[in-house]
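Below: one structure in structure tokens.
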Amino acid sequence: MSWIKRKKTKQISIGSIKIGGDAQIAVQSMTNTDTKDVNSTLAQIERLYKKGCEIVRCAVIDKEAAKALKTIKKNSPIPIIADIHFDYKLAIASIEAGVDCVRINPGNIGAFYKTKEILKSAKEHKIPIRIGVNSGSLEKKLIEKYNGPTSEALVESAYNWIKLIEDFGFFNMKISIKSSDPKTTILCNEKISKLTDYPLHLGVTEAGSSMEGIVKSTSALSVLLRKGIGDTIRISLSEPPENEIDVCYELLNSLHLRKKHSIDFVSCPTCGRIEIDLIALADEVKKRLSGIDKPIKVAIMGCVVNALGESREADLAIAGGRHFGLIIKRGKILKKVKEDRLIDEFVEVVNEFLQEES
Ligand code: SF4
């Protein structure tokens, strides 16, 4: 029994990927190539896919980009969401190009008849719509009513759109309310989750790069995921999108919601007892094992004090000593190796272990 009881939302399908209901939390990202440049876009999608990305969004800024989606969709290993702002005709062109979902922000599409045209087309092509609401495109009257783009304003906007879309007879949707503020992101999603059963896409928008982006995103998403809220996630970083996927899996793995698509590394923070250059050792081991897509646990420890205990939890471990290291398999010492041979021998042991397990 999982320690997290997920809210059972309505299930939708984005291509082959199920979102909501009892489906696992899906990991997504967005390309940052020019969508018209089909080769570069497909190459990036391939890299994202290899990292474990399950759904990818592509920006559609003009007719050529919408047209390019036809070839992209045909050759992509994962479902494609067309990301539309302002122009409803681009949404329809993308749907006709065969995408698996369209992300619109009804607040910037203009008169509601335009959104209705998108919904009609999506219904005809049997694809869902992602309804996005964020502070940047919030209706003026709600900003005035709530004195800013507060969580109440964002939720009211999303809820109003949901009702209008449902009144039009369209129910195949997921919802995302995004803010660059983790607290607002948490409050919005807690509130909307109580009001609707549509699946929710979680993310902190414009979170920043590396440390800031990861901390902001994971602080908000951890709280929500722990409450069982969220059916699909993106960690937005000002970095190559491939990096976002690693963070998504690290987060889901940390919360025991999904297994990583790579090695789960544990390494000690180092202290005065250290007798080996652990930081360089851990970096090199990670680099040498980076191509492995099995979720085994590897611990790199600076000394033997904690290593035996920690290594019981790990499949394989190194415990550093003065000019040597112990290689440990599930808590049992396999061998003592000189420092200059330690990484090579450890990599060999990892490969043998993977063969035994396969
Ligand atoms: S494993 Fe050893 S070196 Fe690393 S923090 Fe613990 S006591 Fe210090």
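Readers should treat all values here as calculations from the given coordinates under stated rules, not as data from a laboratory. These numbers come from a predicted model, not from an experiment. Counting neighbours? That spans all protein chains shown, and the Cβs are built from the backbone with ideal geometry, glycine included.
Kindly flag which residue pairs out of K178/K216; K126/K163; K89/K126; K10/K73; K10/K63; K51/K73 have an alpha-carbon separation exceeding 22 Å in this structure.
K10/K73; K10/K63
Using a 7 Å offset from the Cα along the Cα-to-Cβ direction at both E166 and K338, what is the distance between the two label points in nm, to one decimal?
7.2
Given R₀ = 30 Å, what would the calculated FRET efficiency be for H323 paired with E239, taking r from the Cβ atoms and rounding to 0.05?
Values: r = 38 Å, r/R0 = 1.26.
Efficiency at R0 = 30 Å is approximately 0.20.
Output the Cα-based Rg and Dmax of the chain in Å, rounding Rg to one decimal and Dmax to a whole number.
Answer for the chain, Rg first and Dmax second: 23.2, 73 Å.
Rounded to the nearest 0.05, what FRET efficiency do E144 and K8 have when you use their Cβ-Cβ distance and R0 = 45 Å?
The calculated FRET efficiency here is 0.75.
Could you work out the helix-only [θ] at 222 nm for the chain, with each DSSP H run of four or more residues adding -39,500 (n - 2.57) and the total divided by the number of residues, to the nearest 500 deg cm²/dmol? Let's see the in-between values first.
Working: 12 runs with 158 residues, N = 358.
That comes out to -14000 deg cm²/dmol.
Count charges around L187 for me, please; just the other residues with Cβ under 10 Å from its Cβ, Lys/Arg as +1, Asp/Glu as -1.
So the surrounding residues net to -1.
Further, regarding this structure: How big is the Kirkwood radius of the stretch 54-194, worked out from every pair of different alpha carbons and given in Å to one decimal?
Hydrodynamic radius (Kirkwood, Cα pairs) of the stretch 54-194 is 15.4 Å.
Give the residues of the stretch 16-57 whose amide nitrogen is closer than 16 Å to a point set 7 Å from the Cα of K70 in the direction of its Cβ.
Residues 36-39 fall inside that zone.
So if each residue of separation counts as 0.36 nm, and I subtract the Cα-Cα distance between E356 and S219, what length gain in nm does that give?
Gain in length upon complete extension: 45.5 nm.
Can I ask one more? Between S16 and D293, 0.36 nm times their residue separation minus their Cα-Cα distance comes to what? The partial results should precede the final answer.
Working: separation 277, 0.36 × 277 = 99.72 nm, distance 2.17 nm.
Once the chain is fully extended between S16 and D293, it gains 97.6 nm.
I would also like to ask the following. Net charge near S267: determine it from the other residues with C-beta under 10 Å of the C-beta of S267, scoring Lys and Arg +1 and Asp and Glu -1.
-1
Let me ask something else. How much FRET efficiency would the formula 1/(1 + (r/R0)^6) give for R273 and Q24, where r is the Cβ-Cβ distance and R0 is 51 Å, rounded to 0.05? Each step should come with its number before you reach the end.
Values: r = 41 Å, r/R0 = 0.80.
With R0 = 51 Å, the Cβ-Cβ based efficiency is 0.80.
Any idea what diffusion coefficient the stretch 264-357 gets from Stokes-Einstein, in µm²/s, Kirkwood Rh on alpha carbon pairs, 10 °C, 1.306 mPa s?
Approximately 124 µm²/s, per Stokes-Einstein.
Can you find, among I109, S13, G291, the residue sitting farthest towards the positive end of the charge dipole of the chain, where Lys and Arg contribute +1 and Asp and Glu -1 at Cβ?
S13
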